[in-house]
Structure formats: structure tokens, C-alpha cells
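**Q** Got a structure for you, questions after.
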Amino acid sequence: MRDDRRCERYEELLPDLLDGILPEDHAAEVRGHVERCDACRRSLEALGRLERELCRLPSLTPDGAAVAAAVTGRLGLERRSRAASLVHSLPLERLALPLGIAAIVLSTFRYFGGMAERLTAALTSCLSGLAGAFEELAATSPSAVDSSALYLSSALILIGCAALSLTALRIVRR
Amino acid sequence: MNAPTDQDLVRRSIMGDGRAFASIVERHTRLVYAAVRSVTGDNNEIDDIVQEVFIRIYRNLGSFGGRSALSTWIYSVARNHAINAVSRARPETVPMESAAPLESALPGPDAELERREALAALERILGGLEGRYREVVELRYLAERRYDEIAELLGVPMGTVKTLLHRARLKMRALLPEDDECGVRDDERRQAL
Ligand SMILES: [Zn+2]
């Protein structure tokens, strides 16, 4: 049955047949020949066997998670990862600078303006929701506004310093 | 939520986010194994070399400009490192920092022995392939990349990838052991009928 010249041509097409990338009319022709020709059938079976052997390669290779654990272990990255991803999950990067500036501006109002009204006005423009509550409080008890403004501005200074140093740290690390 | 892009992961890794870098490693483990194996063949030090590649990648993330795909850059770093690792004369140098153990990859000594034997058997088939033939086969079967992805990684037209793979398969088929698979026995059975 074997016709060497024809078989050579069909053998060339066998890998594409296995890959499923041979056009259907071509594939049917090759399959027809393989049905009748022992040599080409053996050849196709050997290629199929090769395919199955090679398809074992991924399962014989360490999986990505194990390699990642080994590599981050060698780099000493695991301990840092939790803190780093926590920081990353907050939008601090974008908020740090405006937050820092706002905090310092607000706190100078408290110390140099010295008046609860001015602080309330500043808060109205910056944080309108919070300001409503403040104005209500100012009407009923001005001294409470003064002391809560002190706490608020101290807290804002702390947040501002933290935010600014975080920004500075990022710039230095880059 | 969408999976983070390679660029996101690179940026976060540079900021010290270990989990982001772990994702980069996971995404590219097979690619790096393929790159290293195509240079070294099956080799006892391969796990170590792969880990060194990722350490080098971590330390050089800042120099990845994003002009090419991350996988293309990683592939070339991996190949270059593997070429250097092979050319380094090992016996006289100080023993290198050994690979961190790959715990989940090694279920036990028996499984590991089986794995090594299977790899050695495959090496008898793959070991006859030179240069680009081996590269294409590793990328196709181990890294499970499509033809167009292989073409991009190697910087060659897709037709070249198909031709290389085709010739590689014919070479490997000639090296297949004849006796140990059911395919042959089925064939013999059919002939005997
Ligand atoms: Zn034939």
C-alpha cells in the first residue's frame, strides 16, 4: 500500500492534523489516507504518543505558588507584604498631599485666627457635612466648639505630618 | 474585580509589595522554566536557576521600561541568566546559595523520585533538539503558549514557529521509545487480527 512520495506528503501534514489546524477538506483527505496506510497510521500514532508525553511537562514542573513562596522567602519579602499591601489598599498615595496641606491650613486657622467662627467657616467650605454639626454646637455651647476644635486641629496636624512624611518617603524611594 | 495588569504588579512590587511580586512569579513560572530548560536541558540545579532568575528580575524591576511586554523581558532575562549559569564553571566555585525548598511541589520522596524519572525519560526525547527547536517545544508544551505568543517572544514570524515546531516533532518522534506505550500495542493487535 505504501507509496513513498504520497506518504511523505501526508506525513508532513500529520502534525497539523493533530493540532487541528488543517482545513477540513484537507484533514478528511489525510484521515482517509491514514485509514488505508499502515505506515502513515503508525506515524500518526507515534506523533499522538509524543503529544501525550510532552503534555506531561507542565505537571512535572513545580507550580507557580511554590516557586513564588520560595523566591519571596529568599528575598525576605513575606514580612513586608502585609503592611505594604495594606498601605496600598488605602488611597493614601493620592490623598497624602492634599490631606497634609488641608491639615496644616486648618490648624493655622485654629492657632493664628484663634476664633471658633473662622474655624467653622473654614470647615464649612472644606467639610460641609461636618460643619452643620459644628454650627449647631456653636449656637448652643461656644466653649465646646473651642475645645473640640483644639482636639480636631491637633489630630489634623498629626495626620498632616504622617501624610507628608509618607509622601516624602515615596519620593525618596523612587 | 479585574485581575491587576502586569504594569500594576510591577509598580506595586517596586514599592515593596511582596504579594504583587509573588503574582508576577506565579504568572511567569512556566515561562521561566521553559526558558531555562531550553538552555540547560533537564538539570538538577534547574529549580535553583529559576529562583535566581526571579531574584534578578526583582532587583532589576526598576529597569523594566515597559517598552516590551513583561513576559518578553522576563523571557530574555531568564535565557541570559541560564546561559551564564551554564558557562560558569561550577566545580571550583564556592557552592552557591541553595534553592529554597519548593514545599507544595514536593509531596514526598517517592513522588519526587517519580517526577525525576519522568523528566529523565522526557529528556531522552527532548535532548536531541538544538537551539530554537528546543525553545519552541518548551514554550509550546511547558509554557503552553500559543503560536502567536511564541512568535512574539522569539521575535520571529508565526510561520517560522510552525516550521520549527513541525521539524522538532519529526525529530522527537524518531527518538520515541517503541515498546512502552499502549499506542504501539493497539497497532500490533490490529495487525494481528
Ligand atoms: Zn502513507
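The values are calculated or read from the model by the stated rules, or taken from the named source; none is laboratory data. The shown structure was predicted, so the numbers you read here are calculated from the model rather than taken from an experiment. Cβ atoms come from the backbone with ideal geometry, glycine included; neighbour counts cover every protein chain shown. Keep in mind that these areas ignore ligands, DNA and RNA; they rest on the heavy atoms of the full protein, side chains included. Shrake-Rupley method; radii C 1.70, N 1.55, O 1.52, S 1.80 Å.
**Q** Peptide B:22-34: average number of partner chain Cβ atoms within 10 Å per residue?
**A** Per-residue shielding by partner chains comes out at 5.
**Q** When you look at the Cβ of every residue in B:143-155, what mean number of other chain Cβ atoms sits within 10 Å?
**A** 1
**Q** Rolling a 1.4 angstrom probe over the protein chains, ignoring ligands and nucleic acids, what is the accessible area of B:TYR58 in square angstrom, nearest 10?
**A** Answer for B:TYR58: close to 50 Å² accessible.
**Q** What average number of partner chain Cβ atoms lie no more than 10 Å from the Cβ of the residues making up B:109-118?
**A** 1
**Q** Where the centre of each part is set by its Cα atoms, how far does the stretch A:39-59 sit from the stretch B:120-149, in angstrom?
**A** Cα centroid to Cα centroid, the span is 14 Å.
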